[in-house]
Every structure is written in structure tokens, then in C-alpha cells.
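Input: a single structure, listed below in C-alpha cells.
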């Protein structure tokens, strides 16, 4: 929800002029157009359906016009039609916002239930693979992580795991890796602490590879809320710039990631996350805060030639 000065509502008002989030909407919608073109050019039946859905995603936006503080007005998304295609830039952005909002909402309860536990942020990697071997590599990573959680040294009460895939610098490979937010018992730092170098050795053994993988582990300070790391855990699975850069790479990525899972949880956090998953996927109201003084509404339509939403 964004505040802005709006004494007179102009007929050809740009969303980017009315809201600081307007430029973000413009960016994601412009990239969605590129994704639709990638799918349309593929000439595959399934991709043709994706092309139509993404092309028509969020072509119009209706916002509630709300009273704000100090004579300002606020826009709150009221209605639109999302395509819900996994790699649609608009939908993955809204889905990320939704998960962040939901997770931040349940974090206080988790912290209240386990007040003495500490939080660690981990990144576990493997060597780059060819894009056509991505599914096999992801299977290897997930099996390796399962081995890791079954080791005696894995004493974490619960964890959230997300898969991220970035494009290799060579333009043809993929770099899959895991981000982990783990709850460590109070005794972790006094008994059973594992150094960065040791984590590398353990992850190498779980991967069953003959090279040392890159591993990063950092503790969230006691005075810091684990919410600060939520954006990193629940961000897009694939960077938007990687999605639009190369049509051939992107189409193979779609094939490789089909019906794979991007986010999962284990330990006690599995139940908390299950409660979130059981709730409907509301991509409109990603922020549950409401305002009482609704005045009117504004509608914006996507103008592809301008690359902007216009009233």
C-alpha cells in the first residue's frame, strides 16, 4: 500500500505517478509480455496455453482509494485477474509477497513457542549443471539434504528450505542451490557448534562428490528478528532477469522445473508451514492490513505500447 499526494485525479494518470509501487507493476508486467512471447514462439501445445494466460495476466488493476494520514491518499489493490503461471513475473512477485506476509504473520507464534532457540541461515551449493540436467541435479541436491537431516549432528528443531536457480555466466548452464532457515537448540553454540569448514566437509559427504562445494552459514544475532531473512528464503525461485534473457534457456527451465517444489519445511516448522499451505492462495490481498475509510476506486489498464499502466 502506497501513499501519494493526489489533489486531482487526472484522466490519463499513470500508475507510476500515483504510487511508488507503480514502477514495480510496470516492470513485472513488461517482463510478463516477454515471457508470453517466449512461450508463443515455442509452438508447443502446453506452452501456447501458457502464452495466452500470461499475455492476459493483470491487464487491468482496480485499486481502492483510501484515506491516509496528513491529507494523503493510498492505493490498495482490490481486484485483477492473475494467470497463476509459475514463471509469470507478475504472479511470482505477488506469490512471493503473499508467502512473506503469511510467514511474517506466524513467526511471532514460532518465537513465542521456542523463545530460546537461535536461527541460522545456510546456503548449500553444487557445481553448475547444463540446463537440460537441472531436474537430475535438483534430485541429487534434495536427496543430499535429506541425508544431511538424518545425520546425528543435525540437531535443528525445524527448518525451511527453498530452491533457487540462477543462470550460469556461460549462458547455457544453471546454478541450483538451497537456502535454509534453521532453528538451532539453545545449546548449539556451546555444545555441538559446527564451523564453516566442517559444514563444507559434511555437505560434500552428503553430496558424494569429489570437490568441495561452496557453503555459507551465518547465525542471526539474538537481538535480531529472523524475519529479516524471510525475503531471502521466500524470494523468487528464478531471477526475473534470467527468465527473460534467453528464450531457449527459459523454455528448458520451464520443462525442468515442471511439478518440482520450490519451498518446503521440516521438523516442527512443517506443521506451521502446512497451516499456511492450507489457506487459499490470495495474490490480491498479500497484505492483510485494512483501512476503514474507503472513498472510491481507481482502475488502470496495461498499455503495451507505452509499457505502463494508465488510468
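The values are calculated or read from the model by the stated rules, or taken from the named source; none is laboratory data. Owing to the predicted nature of the structure, the values given are computational and were not obtained by experimental measurement. Positions of Cβ are backbone-derived with ideal geometry, glycine not excepted, and every protein chain shown enters the neighbour counts.
Considering only residues that are surrounded by fewer than 19 Cβ atoms within 10 Å (Cβ to Cβ) and outside any helix (DSSP H, G or I), which ones fall in segment 9-49?
Correct list: 9, 10, 11, 12, 13, 14, 20, 21, 43, 44.
Give the residues of segment 109-140 that are closer than 26 Å to residue 172 by Cα and in contact (Cβ under 8 Å) with a residue 60 or more places away in the chain, sorted by residue number.
Answer for segment 109-140, where residues must be closer than 26 Å to residue 172 by Cα and in contact (Cβ under 8 Å) with a residue 60 or more places away in the chain: 123, 124, 125, 126, 127, 131, 132, 134, 135, 138, 140.
For every residue, the table says whether it meets (1) closer than 30 Å to residue 272 by Cα; (2) in contact with a strand residue (DSSP E or B) (Cβ under 7 Å, 6 or more places away or on another chain).
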position	(1), (2)
45	no, no
53	no, no
91	yes, no
100	yes, no
123	yes, yes
145	yes, yes
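Taking the condition of being closer than 20 Å to residue 252 by Cα and either surrounded by 16 or more Cβ atoms within 10 Å (Cβ to Cβ) or at pLDDT below 95 (or both), how many residues in segment 103-134 meet it?
The total comes to 5.
From (1) touching a helix residue (DSSP H, G or I) at 6+ places or on another chain (Cβ under 7 Å); (2) outside the structural domain of residue 258 (by TED's automatic domain parsing); (3) under 19 Å from residue 228 (Cβ atoms), pick out the condition that doesn't hold for residue 96.
Of everything listed in (1) touching a helix residue (DSSP H, G or I) at 6+ places or on another chain (Cβ under 7 Å); (2) outside the structural domain of residue 258 (by TED's automatic domain parsing); (3) under 19 Å from residue 228 (Cβ atoms), residue 96 misses just condition (1).
In contact with a strand residue (DSSP E or B) (Cβ under 8 Å, 6 or more places away or on another chain), under 30 Å from residue 158 (Cα atoms) and at pLDDT 90 or above - does that describe any residue in segment 293-311?
No, every residue in segment 293-311 fails to be in contact with a strand residue (DSSP E or B) (Cβ under 8 Å, 6 or more places away or on another chain), under 30 Å from residue 158 (Cα atoms) and at pLDDT 90 or above.
At least 3 residues that are touching a helix residue (DSSP H, G or I) at 6+ places or on another chain (Cβ under 8 Å) and not assigned by TED's automatic domain parsing to the domain that holds residue 259 in each: list the strands (runs of 3 or more DSSP E) lying fully within segment 117-188 that qualify.
Ranges flagged: none.
Kindly indicate which of 36, 51, 42 is in the same structural domain as residue 305 (by TED's automatic domain parsing), at pLDDT below 95, under 26 Å from residue 260 (Cβ atoms) and in contact with a helix residue (DSSP H, G or I) (Cβ under 8 Å, 6 or more places away or on another chain).
Criteria check complete, one pass: 42.
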